[in-house]
1. Once both labels are modelled 7 Å past Cα along the beta-carbon direction, what's the residue 107-residue 196 spacing in nm?
2. Percentage of Cα-Cα pair distances in the range 1-43 greater than 16 Å, rounded to whole percent?
3. Starting from the coordinates of the alpha-carbon atoms of the chain, obtain the Kirkwood hydrodynamic radius over all distinct pairs and give the value in Å to one decimal.
4. How long are the three semi-axes of the equivalent ellipsoid for the range 22-136, computed from the Cα gyration tensor as the root of 5 times each eigenvalue, in whole Å, largest first?
5. Taking the Cα centre as origin and putting +1 on Lys and Arg beta-carbons and -1 on Asp and Glu beta-carbons, what dipole magnitude results for the chain, to the nearest 20 debye?
6. For the range 11-47 and the range 51-71, write down the distance between their C-alpha centroids in whole Å.
7. With everything on Cα atoms, drop me the angle between helix 29-44 and the longest principal axis of the chain, reported from 0 to 90° to the nearest 10.
8. What do the square roots of 5 times the Cα gyration tensor eigenvalues come to for the range 72-124, in whole Å, largest first, as semi-axes of the equivalent ellipsoid?
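Rule-based calculations on the coordinates, nothing more; no lab input. Every value quoted in this text rests on a predicted model; they were computed, and no experiment measured them. We place every Cβ from the backbone using ideal geometry, glycine too, and count neighbours over all the protein chains shown.
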Amino acid sequence: MLGQTHRLAGIAAGIALAGELNIIPIERPFAFAGVIFVSAMGSLMPDADQPNSTIGRRFFLLWLPLYILRMIIRIIAFFAPSMKQVSRGLAHRGISHSPWFWGVFGALLWCVPWMRNEGVIYFYAFFAGIATHLLLDYLTGGIPLIPFSLKRNHPPIVFKTKGYFEFLTASVLGIWIGIMVLSYLGLRPAIRRILVMLIRYV
Ligand SMILES: [Zn+2]
C-alpha cells in the first residue's frame with residue numbers, strides 16, 4: 001500500500017474515533033486535531049522499517065536503529081547461518097508489521113500513567129492508526145501474524161498495491177473524509193441536498 005492511502009485510512013480512523021469519543025471540534029479543537037494527527041502518524045509507523053517510506057524519509061531516526069541492527073545481524077549471520085532468520089524478521093513487513101509486536105509495545109506504553117489518563121485518547125488514536133495499516137497490508141500481500149514467524153499471512157484473495165483495490169480504498173476514504181469535513185463545517189444539509197439530487201438523476 002502507498003503511504004498516502006495509509007495516511008488517508010489513519011485520518012479516517014482518527015475522525016471516526018474522535019466521533020466515538022465525543023470529541024467535538026468546536027469544543028475541543030486541539031484534542032480533535034491531536035487525535036487525527038496521532039492516528040495518521042500511527043497509520044504510517046509500521047513502514048518506518050524502510051528508509052524510502054513516507055515516514056522513513058522524514059524521520060530517519062525511526063528506521064536507522066533497525067537498519068543498523070539488521071546490518072549487524074547480517075554480518076553475524078555470515079558466520080552463524082541460523083541468524084539469517086532473525087535478519088529476515090527485521091526486513092520490510094517483518095517485526096514492525098506484526099500485531100504481536102504492537103501488542104507488546106502497547107502493553108509497555110500502558111504502563112506510563114499519563115497514557116491511561118489524559119493521554120488515553122492519543123493512545124487509542126495511535127493504535128487505531130496502526131490497526132488500519134496492518135489491516136490494509138494484510139489485504140495487500142500479507143503480514144506476519146504468528147510471533148517470531150517469518151511467514152506472511154494473508155487472506156485467500158490478495159489485492160495488489162497500486163491496483164484497483166488501492167484506488168477504490170483511497171477514493172472511498174477520501175470521499176468519506178471530505179463529507180465529514182463538510183459536515184463539521186455545518187454543511188450537512190447541503191450535502192444531503194446534493195446526494196438526493198445525484199440519486200434522482202443517476
Ligand atoms: Zn506497511
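1. A separation of 5.4 nm, rounded to one decimal place.
2. 30 percent
3. Answer for the chain: a Kirkwood hydrodynamic radius of 18.7 Å.
4. Semi-axes from the Cα gyration tensor: 33, 15, 11 Å.
5. It comes to approximately 480 debye.
6. So the separation of the two Cα centres works out to 25 Å.
7. Taking Cα atoms only, the helix is inclined about 40 degrees.
8. The answer is 34, 11, 7 Å, longest axis first.
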